[in-house]
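Q: Please see the structure below; I have some questions.
The values are calculated or read from the model by the stated rules, or taken from the named source; none is laboratory data. Quick caveat, the model's predicted, so the values are computed rather than measured. In this analysis, Cβ positions are derived from the backbone assuming ideal geometry, glycine residues included, and neighbour counts consider all displayed protein chains.
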Amino acid sequence: MTTADTQRKARRGEPINKHTAKNGRVSYWFQADVGVKPDGSRDRQRFTYRTKAEAQREYRRITSEVAAGRYSRQTDLTVAEACDAWLDGRRGIRRITLEGYRNDLKPVCRHMGGKKLAQLTKRDGDALVEWLLTEGRTSPKHARPGSLMGRVVDVIAEHPEGVSAATLKATFPGEDVHTCLSGLIRAGRVTRPRRAVYVLADAATSDAAPRGVKPVSVRATLKALTSVVQSYVDQGALPRNVIALVERPADPITEHDDDPAARSWTVAEVAAFRASVADHRLFACWLLSCYGMRRSEVLGLRWSNIDGDVLKVRRGRVAIGNGTEEGLPKSRRSRRDLPMPAELAEALRTLKTRQRAEALALGLPWSDDQLVATHEDGSPVRPEWYSDEFGRLRERAGLRRIPLKGLRNTSVSLMLASGIPVHITAGWHGHDPAVSLSIYSDAQPDDLRAAGTALYG
């Protein structure tokens with residue numbers, strides 16, 4: 001008998017059974033001994049698959065692994081349970097990083113959290129991507145009974161002519177009304193007809209159809225889910241990582257995408273912004289951002305970290321859920337001492353004098369351990385408010401739209417364009433030199449024009 005005949009005979013002897021359900025769906029199953037139970041009896045399990053070929057393939061794999069002593073029982077956890085277990089096992093990472101993973105996995109749990117992880121298919125991953133791109137932005141967050149957002153909406157509804165931010169803050173003392181209002185505006189529940197005055201949005205706007213999230217958010221969710229599934233593959237609880245096969249959506253490119261420097265400003269634009277915020281109470285903070293400091297570093301800076309004209313970056317303050325957390329900088333490179341330019345040192349001295357006067361007027365204690373970025377009443381500036389305020393100031397100045405992080409991009413790009421060596425630029429900004437070139441550096445139109453002129457000139 002030839003080898004081929006032997007293999008065909010073995011395949012015919014495989015105990016694959018066919019089952020036809022009442023709805024006509026056909027499946028294939030087999031039973032196999034996979035080990036011994038704690039009581040000494042044999043552990044016989046049933047395995048079901050959609051096709052006979054898959055059942056045959058899995059039968060050979062499972063029986064081979066059992067014979068070699070390498071078989072691991074597949075997990076019976078749901079997707080939501082697997083995500084929770086994976087998050088609980090993440091140690092040695094910053095809390096904000098863990099919170100980022102948690103947020104990335106929330107839509108996964110919402111969309112298919114009850115599905116068995118072992119039954120997950122590529123088709124499920126593709127369906128998740130489609131749902132995220134078309135409906136993933138829907139969220140009941142602003143409508144939770146008793147939430148701050150719900151209570152703020154109720155108060156605004158009582159004032160159809162509009163209610164001021166000051167009134168809302170007085171109505172909810174000690175709560176972060178500014179961030180709440182920003183979230184309601186983004187959700188389309190509230191509009192701001194004039195500065196610091198809020199009204200409910202039109203019903204047509206607030207009841208708008210579900211919207212999808214951006215491709216970058218989908219990629220982040222798929223990356224986190226891939227890590228979750230891969231951890232169970234590595235444990236032997238899953239045969240393969242089907243989510244790794246799901247195609248990641250790319251950012252759309254249109255004929256109107258003609259501004260490659262949309263993440264940063266030119267020298268002239270930065271100068272215009274600085275001039276427009278010169279009378280802002282937190283002018284010193286905006287200068288810190290213009291000089292390339294991270295938002296977390298600006299908001300975590302304390303007066304005790306300023307020694308003469310040297311600014312010591314030692315702490316960072318980030319948003320986590322509904323609160324904030326202050327801790328060590330993002331990385332070892334982030335810990336640095338920066339000799340301040342004269343204008344920055346002067347702006348900080350002015351803000352410090354003003355804060356002392358405000359504390360005295362309100363009868364509040366003040367010390368060098370105070371945060372630099374605070375409101376008039378001494379309360380810390382929330383990260384979300386700082387980003388939103390930058391957007392308002394940029395719009396008021398009539399400048400091209402960039403995110404707050406774009407000021408850091410601008411600082412890196414302008415330093416490199418000025419001929420400052422990359423290792424010094426990286427040292428100032430607190431990251432690896434390779435990061436300066438690959439992520440934060442943007443070629444400005446004037447740089448490209450000079451390069452073209454110099455080519456054959």
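Q: So, restricting to helices (runs of 4 or more DSSP H) that lie completely within the stretch 154-252, which ones have at least 3 residues that are modelled with pLDDT under 80?
A: Output list reads 177-186, 203-206.
Q: While we're looking at this one, here's another question. Quick one: in the stretch 284-317, which of the residues that are β-branched (Val, Ile, Thr) and touching an Asp or Glu at 6+ places or on another chain (Cβ under 6 Å) is surrounded by the most Cβ atoms within 10 Å (Cβ to Cβ)?
A: 313
Q: Can you tell me which residue within the stretch 343-376, out of those that are farther than 18 Å from residue 310 by Cβ and small (Gly, Ala, Ser), is surrounded by the most Cβ atoms within 10 Å (Cβ to Cβ)?
A: Looking at the filtered set, the residue picked out is 373.
Q: Are any residues in the stretch 310-350 assigned to a loop (DSSP other than H, G, I, E, B), under 27 Å from the mean Cα position of the chain (by Cα) and touching a residue at least 24 places away in the same chain (Cβ under 8 Å), and if so, which ones?
A: 321, 322, 329, 330, 331, 335
Q: Then there's this: Would you point out which residue out of 130, 135 is surrounded by fewer than 16 Cβ atoms within 10 Å (Cβ to Cβ) and either at pLDDT 90 or above or in contact with a Phe, Trp or Tyr (Cβ under 9 Å, 6 or more places away or on another chain) (or both)?
A: Step by step, each of 130, 135 is checked, and only 130 is surrounded by fewer than 16 Cβ atoms within 10 Å (Cβ to Cβ) and either at pLDDT 90 or above or in contact with a Phe, Trp or Tyr (Cβ under 9 Å, 6 or more places away or on another chain) (or both).
Q: If only one of 321, 308, 327, 316 is in contact with a Ser or Thr (Cβ under 8 Å, 6 or more places away or on another chain) and either at pLDDT 90 or above or not aliphatic (A, V, I, L, M) (or both), which one is it?
A: None of the others qualify; the one that does is 316.
Q: Give the residue, chosen from 357, 319, that is among the small types (Gly, Ala, Ser) and out of contact with any Lys or Arg (no Cβ under 9 Å at 6 or more places or on another chain).
A: One residue alone meets the criteria, 357.
Q: So which residues in the stretch 23-54 are under 42 Å from the mean Cα position of the chain (by Cα) and surrounded by fewer than 10 Cβ atoms within 10 Å (Cβ to Cβ), if there are any at all?
A: 25, 46
Q: Mind listing just one residue for me: the one in the stretch 89-122 that is assigned to a loop (DSSP other than H, G, I, E, B) and closer than 22 Å to residue 213 by Cβ and, of those, nearest to the chain's Cα centre (by Cα)?
A: Going through the qualifying residues, I end up with 113.
Q: Another one. Between residues in the stretch 266-283 that are more than 14 Å from residue 404 (Cβ to Cβ) and residues that are of a type in the set (Gly, Ala, Ser), which pairs lie under 8 Å by C-beta distance while being six or more apart or on different chains?
A: Filtered contacts from the stretch 266-283: 272/397; 276/397; 283/347.
Q: Follow-up. Look through the stretch 61-76, keep the residues that are touching a residue at least 60 places away in the same chain (Cβ under 8 Å) and more than 13 Å from residue 33 (Cβ to Cβ), and return whichever of them is nearest to the chain's Cα centre (by Cα).
A: Checking each candidate, the answer is 75.
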